[in-house]
Structures are given as C-alpha cells and as structure tokens.
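Structure first, then comments.
Coordinate-derived values only; no laboratory data. Treat the numbers as computed from the prediction; the structure is a model and nothing was measured. FYI the Cβ positions are ideal-geometry reconstructions off the backbone, even for glycines, and counts take in every protein chain you see.
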Amino acid sequence: MARNIITGIDVGSYYIKVVIATTKEKTERGLPKIIGAAMTESRGLRHGYVTNLRDVADSIKRAVASAEEKAGIKVKKAFVGISGIGLSATTVSSFVMTSRADAEITALDLAKLHEQAEKDLPPAISANRRTIFDIPLQYKIDGFPSLGSPEGMKGNKLEKKTLFVTCLDHHVADLVSAVNDAGIEVEDIMAAPIAAGFVTLSKSQKVAGCVLANIGAETVSITVFENNIPISLEVFPIGSTDITNDIALGLKVPLEEAEQIKIGAITGSSYPRKKLEEIVSARLSDIFELIESHLKKINRNGLLPAGIVITGGGSGLSSIDDIAKVALKLPSRIGNIGVLDGKSSFKDATWAVAYGLCIWGAHADEGPEIDNSLRFVKQASKAVTRWFKQFLP
C-alpha cells in the first residue's frame, strides 16, 4: 500500500467502519481526501471489547474488503481506534528538583519528570492496564505556571500535571489480534473519543472549552477539551441500544420494530407518539446526567463556552441536542464532518472516528518510526506525542 494512502478502522459494538483516505488530494479544509469507506455490522463485541476473536476478525475483513472495492486499492496496514468500557483517563501531578547548579531546566529534567509521572500512577489504575498515551496538561516552575515547554528556563522545582489515557491490557491485545487475523497490520492505536475530535471540532471550540460526546450502541464516551488539549476522558456503559430496549418494553413491540421506530424508519399512528418521546427523553436524560456528573467531578459543569458536540450513531435521535442543552445548561449541537469522497457526502458524524484516525495517520511520519512489532504500547506515547506537540500548553 502506498505511503500516501491511510486507513482508519473504527471497531464499534454495533458497526465496524473503515475509511481509506489519500494525502495526494486534500479537502477544502486541507484534510486527506476520502477515496473509499464502508461499514458492516460487527459481531463478537460487547460494550466495545472483544468476546469472540474470530467473529470480530471476520467483521473487520468484510468491512475492509468493501472499502477496498470502493477505493480500488488493497489495504495492508491501518490505524485502529480503541474504545469501550476498558478505556479511561487519569490525571497525575508530579514534580522533580532540577539537576543543574545554575537551576536551568534541561531535557534530562523533563525526562526525569516524565518517569516520575509514570511512577506516580496509582497501582489501582496501572494494574492490568496499558498506557495508550499521555498528554502534558500544565507545567509549573517554582509554583508558577509555565506557558510552553519549560526547557531552558530556570527554577529549582519543576512540576507537571499529566493526563494518562489507559486501557485494559487484554482489551488492547485482543483488538490487535482481531485486526491481524483479518489480514491487516496495526500501524498504531488511538483512543477513539479523541480521534473523533480531529474532524468534528474546530480549534476555536477546543481552545474555548467543549465536551465531545460519542453516543454509540452500548457505550457513551466523552472527551473534554480546553486550551486546545484534551483534559479528560470517560466512557459510560450505556448507549442507544438501551433506548431500543426501552421502546420495546414501553410500546410492547419486538426489538427489530423498536429499532426502526427509534431511527424514524417507522412512522404513523400505530403507537402513541407522546409515550415514545417520553421513553426516549427519559433515557437520554440518564445519559446526560452521567455527563453532567463527570463535568462536576472535574469542575467544568456549566463552564464550557463551546458547549457539547454530539456524535456517534445515537446523535441522529430526534431533539437530542435540545435535551442536552437543558440537561447540561450548555450550548449544544450535532457534530458534522462534512467531507466528500468524490462519490458521496460524509456529513454523518458516525464516521468521525474512522476519518479522524486517517487524519492522525497522515502525521505519523513527523516523528520517530512507529513500532510495527506489536510491542507498540511502550512506543505509543512517543507516537502520539509527536501529534500532540501542537496541543502542548
């Protein structure tokens, strides 16, 4: 596969989406142009983690084959999004004393500080988990915030607040194995909630402060951005499938019919419209209560000027943005990637993760080579750090 071709694979509990893009052509926003995309129903997954390796591999293989046919190329490597309830983030505050007699901060001090931050991860957080990447949120020199990298400045005490994004070890290993079994080499992995932000959020939104909510079939993942960097990430074990189940119970209809009613494929007077709205609104309110609770936990409730941007399969539900606005007391809108692949328009934010992975992959050559031996986790922070250089405080 040519180096100017990038593939992103979003492995979800309900659908597997594959986007193939090229850096030879650009969109109006200067992003890689989509030349092929496909989605297939996923099997062998539950709440985002693998329950049957063979079924997941077969699902990935079908999705990739369909995207290959549309793009007219063969995919050998891909960037893969990792999500599910095994994904989480933790903020750690660490410090070291500078080593030079003249108190000048060197690259060695920064390396020591990074090592200290890894040591400061609580055992309960690091046990059975792999660090996907880490992001420096803030540096301080002798108690005063430092804008940008502190290297070359002077001070005795160097502090750093770091966001560590981790995932259950076996979740990562199973996902990589499934992609490999589908005949695709994993170039690197990225947290799906952050990948979605590459295409659905503008820089001004991320600078001002916003929360990106991806409502999937069985999970809801949120990423909070501020000062152009992700400052928090959380995944909840609830999704749009729960709404389908509620409709089936509330209206006494089969699950298949409940799903069609939910997405608006079945309309008419065969069921009470008001009752349907109450059922959907009640479950969505539960979801936004979880998001509000997390924002309170990180002291950001009601304090994000760019509000909430909603993506994922559940973003198409009627009045979801209005319900979010009322529940969170924040501006609300549905995410829109609005790109063209030459054959069709991809405005649906359900493609945000797969396309975001392509955009991230387009920058993979800007730093050290990615470890292709699948012992990539130790190198993952390096791979992501080169992309996040633009986000450094």
Q: Please report, in whole Å, how far the alpha carbons of segment 204-337 spread along each principal axis, starting with the longest.
A: 49, 24, 23
(Q) Per-residue counts of other Cβ atoms within 10 Å, averaged by peptide: what ranking do you get for 276-285, 183-192, 30-39, highest first? (A) 183-192, 30-39, 276-285
Q: Using only Cα atoms, tell me the angle between helix 352-361 and the longest principal axis of the chain; keep it within 0 to 90° and round to the nearest 10.
A: 30
Q: Enumerate lysine pairs in segment 204-337 that are 8 or more residues apart or on different chains, then count those whose Cα atoms are under 21 Å apart.
A: 15
Q) Working out 0.36 nm times the residue gap between Ser270 and Lys74, then minus their Cα-Cα distance, what length gain in nm do you get to one decimal? A) 65.8 nm
Q) Tilt of helix 53-71 relative to the longest C-alpha principal axis of the chain, in degrees (0 to 90, nearest 10)? A) 90
Q. Given [x] 21.0; [y] 21.9; [z] 31.7 as candidate values of Kirkwood radius over Cα pairs in Å, which corresponds to the one derived from the coordinates?
A. [y]
Q) With axes computed from alpha carbons, what is the tilt in degrees of helix 273-297 against the longest principal axis of the chain, rounded to the nearest 10 within 0 to 90? A) 10
**Q.** Highest average packing first - 203-209, 78-84, 225-231, Cβ atoms within 10 Å
**A.** 78-84, 225-231, 203-209
Q: Under 16 Å from a label point 7 Å along Cα→Cβ of Asn52: give me every residue in segment 156-178 with its amide N that close.
A: 178
Q) Which FRET efficiency, nearest 0.05, do Asp120 and Lys296 yield, Cβ-Cβ r, R0 30 Å? A) 0.75
Q: Amide H neighbours of Ile85 under 5 Å, at least 5 residues apart or on other chains, H built in the peptide plane: list them.
A: Tyr49
(Q) I need Asp102, Asp246 ordered by Cβ neighbour count within 10 Å, fewest first. (A) Asp102, Asp246
Q: Please report the Cα spread of segment 87-167 along all three principal axes, rounded to whole Å, starting with the longest.
A: 41, 21, 18
